[in-house]
Ligand code: SF4
């Protein structure tokens, strides 16, 4: 099977062509082309086998301000919407400092959501 992807690792945005097979329900990448560097291969493999994303968004404080947050590491792409729903309900006490943990182990992903701004 074949899949076209745009590499998002750097601004060059290489158009990748990924060839893969599915054996016993597992995706096995057999060839990647169009990549300008090796990171494109790593990205293509991850995107086809277990896609992940870092989420950046905001949450509200109890004083009704907003503060920027992000996942401290990428999380499974299929959990993105659920994570956004959880964060939409979060109300955090001020003050908040960069690096503060806002939600620990969000949805059991093992990844914390941390503040990226002070308020
Ligand atoms: S393949 Fe390499 S050069 Fe191309 S977008 Fe990805 S990281 Fe950048």
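No value in this document is a laboratory result; all are computed from the given coordinates. In this text the structure is predicted, and so the values were computed from the model without any measurement. Note: ideal-geometry Cβ built from the backbone for every residue, glycine included; neighbour counts use all protein chains shown.
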Output for segment 1-71 (equivalent-ellipsoid semi-axes, sqrt of 5λ from the C-alpha gyration tensor, Å, descending) is 34, 16, 8
Expected unfolding gain across residue 80-residue 97 under the 0.36 nm per residue rule, minus the alpha-carbon gap, is 3.7 nm
The helix 80-89 Cα axis meets the longest alpha-carbon principal axis of the chain at an angle in degrees, between 0 and 90 and rounded to 10, of 0
Expected unfolding gain across residue 56-residue 10 under the 0.36 nm per residue rule, minus the alpha-carbon gap, is 14.8 nm
Longest principal axis of the chain (C-alpha) makes with the long axis of helix 38-49 (C-alpha) an angle, in degrees to the nearest 10, of 80
A student applying the Cα gyration tensor rule (rounded when a/c is under 1.5; otherwise prolate if a/b is larger than b/c, oblate if not) would label the chain prolate
Taking R0 as 35 Å and r as the Cβ-Cβ distance between residue 23 and residue 88, the FRET efficiency 1/(1 + (r/R0)^6), rounded to the nearest 0.05, comes to 0.35
